[in-house]
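Working notes for the structure below.
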Amino acid sequence: MAQNYYQKEIETMPVLEMKKLQSEKLVKQVKHVYENVEYYRKLMDEKGVKPQDIKGIEDLHKLPFLSKADLRDAYPYGLLAKPLEDCVRIQSTSGTTGRRVVAFYTQNDIDLWEDCCARAIVAAGGSKKDVCQVAYGYGLFTGGAGLNGGSHKVGCLTLPMSSGNTERQIQFMTDLGATILCCTPSYAAYIGETLKEQGYKPEDIPLKAGIFGAEPWTEEMRKNIEETLGIKAYDIYGLTETSGPGVAFECSEQTGMHINEDHFLAEIIDPDTGEVLPEGEKGELVFTALDKEAFPLLRYRTRDICVLTREKCSCGRTLVKMAKPMGRTDDMLIIRGVNVFPSQIETVLLNEGYQPNYQIVVDRANNTDTFEVNVEMSPEQFTDKVSDVLKMEKSLAGAMKTMLGINPTVKLVAPKSIVRSEGKAVRVIDKRRLTEVIRTTP
Ligand code: ADP
Ligand code: ZN
């Protein structure tokens, strides 16, 4: 397949040249941050590192880490590296795991971010001939703004739908012939389900590609969405702290996401010791923003667990790839001492012929964790014959036990009884955490 690139020279740059470019940018960036961000200057001083100690990317490990706790500490202006009058935009995290953090952008920061999103759209086969439906939330959340900007840069006819109002999404999609859909994977699944209910077959849907991210999703979920919508589904990754979506994006090979490493320098560390791990090992992803001006985080710990690889890619891009993150260190549930990621449950469900509509409820009773998975039956699976339901529940619980090593209580529930997500899906209700919060609140 002929490849298109949005910024070919960067996307296919020889690795050594890229490292040189990163080194030059890093030296400048560290100086900029040291001079303008008192919070980080103090961290560097405490570690005894001066800007002149950083001569290239080989010195990166000398710099202190930043974490979400630092962002909360420094809220709202403590990590700002430019006068407020040079900033033109604020965006904020979705608050999935606690208090929201805010990020600031200069016009140049927005331009570079939108370039990253444009690279993702072109890698998914987008061009000015496409109609791009952006169904990520608009507003403080970065999804809508980032892909809207990227779509403009590519020259697509942009439908700034924002999330929600699924009927209207479908009306615009079909009336205006949207060819690319951008939203969270859980919302894509919901839109697909609604189209199917309305009698649309995959071949009647004008879409050819989807760019889905902002939450973890499995290969099984990808297959499910691709089949329902009749498209190729591409992953996109990012976080507000580094700008938003577009930090990494998938190409036609679909074996991981290329990181826009001319802007974001990636490392993998051991989340317990902070030690930098060699490429290919699984650990926590850490990013250094190489040319952001207003909110340039250095060595930011994302808490996302994944692997980096630099194998040759058939798309011709030389940018390092990150595997799909399995979830965040803080998404991981420890149930009866066993590590459980919601993505593992999703894999089992889709393999067993269920739809990805589920919720995990964890609690404590008699000093033991209880672990319940509520799973929706599809209209075709639905039965009210108790013995059939019990049989299905038992079989699903068995498949989960094989994957996880512990036994959940599976409860099959009626079609449409689990709330659909228009943004990031809420998969876990951990009542143990809720009680802790209540206990520690004065
Ligand atoms: P919040 O931390 O409140 O969710 P963001 O909206 O900035 O704020 O979300 C960023 C996080 O979303 C990432 O750190 C990551 O955990 C998750 N994420 C984003 N894109 C993906 C993706 N493609 N796959 C898995 N997780 C993703
Ligand atoms: Zn590729």
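In this structure, THR273 does not satisfy being in the same structural domain as VAL101 (by TED's automatic domain parsing), more than 16 Å from ligand 2 (Cβ to nearest atom), under 20 Å from ASN148 (Cα atoms) and not hydrophobic (A, V, I, L, M, F, W, C). Looking across GLY280, GLY238, one residue alone is away from ligand 2 (no atom under 16 Å from the Cβ) and under 24 Å from ASP130 (Cβ atoms). It is GLY238. Has segment 215-227 got any residue that is in the same structural domain as ALA69 (by TED's automatic domain parsing), buried (at least 24 other Cβ atoms within 10 Å of the Cβ) and within 15 Å of ligand 2 (Cβ to nearest atom)? Scanning segment 215-227 turns up no residue that is in the same structural domain as ALA69 (by TED's automatic domain parsing), buried (at least 24 other Cβ atoms within 10 Å of the Cβ) and within 15 Å of ligand 2 (Cβ to nearest atom).
The residues on offer are THR273, THR288, THR242, and the sole one that is within 12 Å of ligand 1 (Cβ to nearest atom) and either surrounded by fewer than 21 Cβ atoms within 10 Å (Cβ to Cβ) or not small (Gly, Ala, Ser) (or both) is THR242.
GLY164 meets all of the listed conditions (1) open to solvent by 10 Å² or more (accessible area, probe 1.4 Å); (2) at positive phi but one, namely (1). Out of ILE334, ILE345, one residue alone is more than 29 Å from TYR6 (Cβ to Cβ) and in a strand (DSSP E or B). It is ILE334. The residue pairs whose first member lies in segment 305-317 and is without any contact (Cβ under 8 Å) to a residue 60 or more places away in the chain and under 28 Å from ASP270 (Cα atoms), whose second member is open to solvent by 50 Å² or more (accessible area, probe 1.4 Å) and away from ligand 1 (no atom under 16 Å from the Cβ), and whose beta carbons are closer than 9 Å, counting only pairs six or more residues apart or on different chains, are VAL307/GLU279; VAL307/GLU281; LEU308/GLU279; LEU308/GLU281; THR309/GLU279. Under the condition of being without any contact (Cβ under 8 Å) to a residue 60 or more places away in the chain, surrounded by 18 or more Cβ atoms within 10 Å (Cβ to Cβ) and in a loop (DSSP other than H, G, I, E, B), the residues counted in segment 170-202 number 3. Scanning segment 119-159 for residues that are in a helix (DSSP H, G or I), away from ligand 2 (no atom under 16 Å from the Cβ) and out of contact with any strand residue (DSSP E or B) (no Cβ under 7 Å at 6 or more places or on another chain) gives GLY149, LYS153, VAL154. Residues of segment 297-311 that are over 11 Å from PHE287 (Cα atoms), among the hydrophobic types (A, V, I, L, M, F, W, C) and outside any strand (DSSP E or B): VAL307 alone.
Selection of segment 44-56 for residues being open to solvent by 40 Å² or more (accessible area, probe 1.4 Å) and part of a helix (DSSP H, G or I) yields ASP45, GLU46, LYS47, GLN52, ASP53. Checked against (1) within 16 Å of ligand 1 (Cβ to nearest atom); (2) crowded, with 21+ Cβ neighbours inside 10 Å, VAL307 passes all but a single condition, namely (2). State yes or no: is ARG72 within 16 Å of ligand 2 (Cβ to nearest atom) and either of a type in the set (D, E, K, R) or not in a helix (DSSP H, G or I) (or both)? In short, no.
The values are calculated or read from the model by the stated rules, or taken from the named source; none is laboratory data. The model shown is predicted, which means the values in this text are computed figures rather than measured ones. No Cβ is skipped: glycine too gets one built from the backbone with ideal geometry, and neighbour counts run over all protein chains shown. Heads up: the accessible areas ignore ligands, DNA and RNA and are worked out on the full protein's heavy atoms, side chains in. Shrake-Rupley method; radii C 1.70, N 1.55, O 1.52, S 1.80 Å.
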